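As structure tokens, the structure follows; a few thoughts come after it.
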Amino acid sequence: MLRAINTLSRAQIRKLLIKSTAIFCITVFVGYGLFVSRNLIKGPELYIASPENGISTTSPYIHVTGNILRVKELTLNNRPITVSLDGNFSETIILFPGYNVFVFNATDKFNRTINRQLEVVRLNK
């Protein structure tokens, strides 16, 4: 290998170094760009921490808490929900007797939307 390098002229070595450096820099920039944008590529995320889906309760209301990531707007049955700066939300919801369905929609800045459905049954005392 060293003999092959010794037979190259200075101009050929210079071209080889320039091409190698360019390829390395492009690879680093593309890799870094993908690393930084990985969360944008994932899209919005919505977690409902409590209550569990499908619970039964005798209470006339429930307190829903959760967290969102990479979300521009969060709605509950098409009504906007206030979200803290760290992505946490908390909402108290009145329950009707019987079966209740609540639909959470989270939309990111690219208008990608995810839905989570919360089903709660209010039992009569």
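Observations on the structure shown:
- Selection over region 54-67 of residues that are in contact with a Phe, Trp or Tyr (Cβ under 7 Å, 6 or more places away or on another chain) and either loosely packed, with under 11 Cβ neighbours inside 10 Å or not polar (S, T, N, Q) (or both) gives a count of 1.
- Qualifying residue in region 38-50 (condition: β-branched (Val, Ile, Thr) and either in contact with a Lys or Arg (Cβ under 6 Å, 6 or more places away or on another chain) or surrounded by 12 or more Cβ atoms within 10 Å (Cβ to Cβ) (or both)): yes
- Pairs with Cβ under 8 Å, 6+ apart, first in region 42-64 and over 12 Å from SER90 (Cα atoms) and in contact (Cβ under 8 Å) with a residue 40 or more places away in the chain, second surrounded by 11 or more Cβ atoms within 10 Å (Cβ to Cβ) and acidic (Asp, Glu): GLY43/ASP108; PRO44/ASP108; ASN53/GLU119; GLY54/GLU119
- Residue list for region 68-91, restricted to those being surrounded by 11 or more Cβ atoms within 10 Å (Cβ to Cβ) and among the hydroxyl-bearing types (Ser, Thr, Tyr): THR75, SER90
- Just one of the listed residues (ILE81, ILE94, ILE68) is without any contact (Cβ under 8 Å) to a residue 24 or more places away in the chain, assigned by TED's automatic domain parsing to the domain that holds TYR47 and of a type in the set (A, V, I, L, M), and it is ILE81.
The values are calculated or read from the model by the stated rules, or taken from the named source; none is laboratory data. Fair warning: this is a prediction, and the values are worked out from it, not measured in the lab. In this analysis, Cβ positions are derived from the backbone assuming ideal geometry, glycine residues included, and neighbour counts consider all displayed protein chains.
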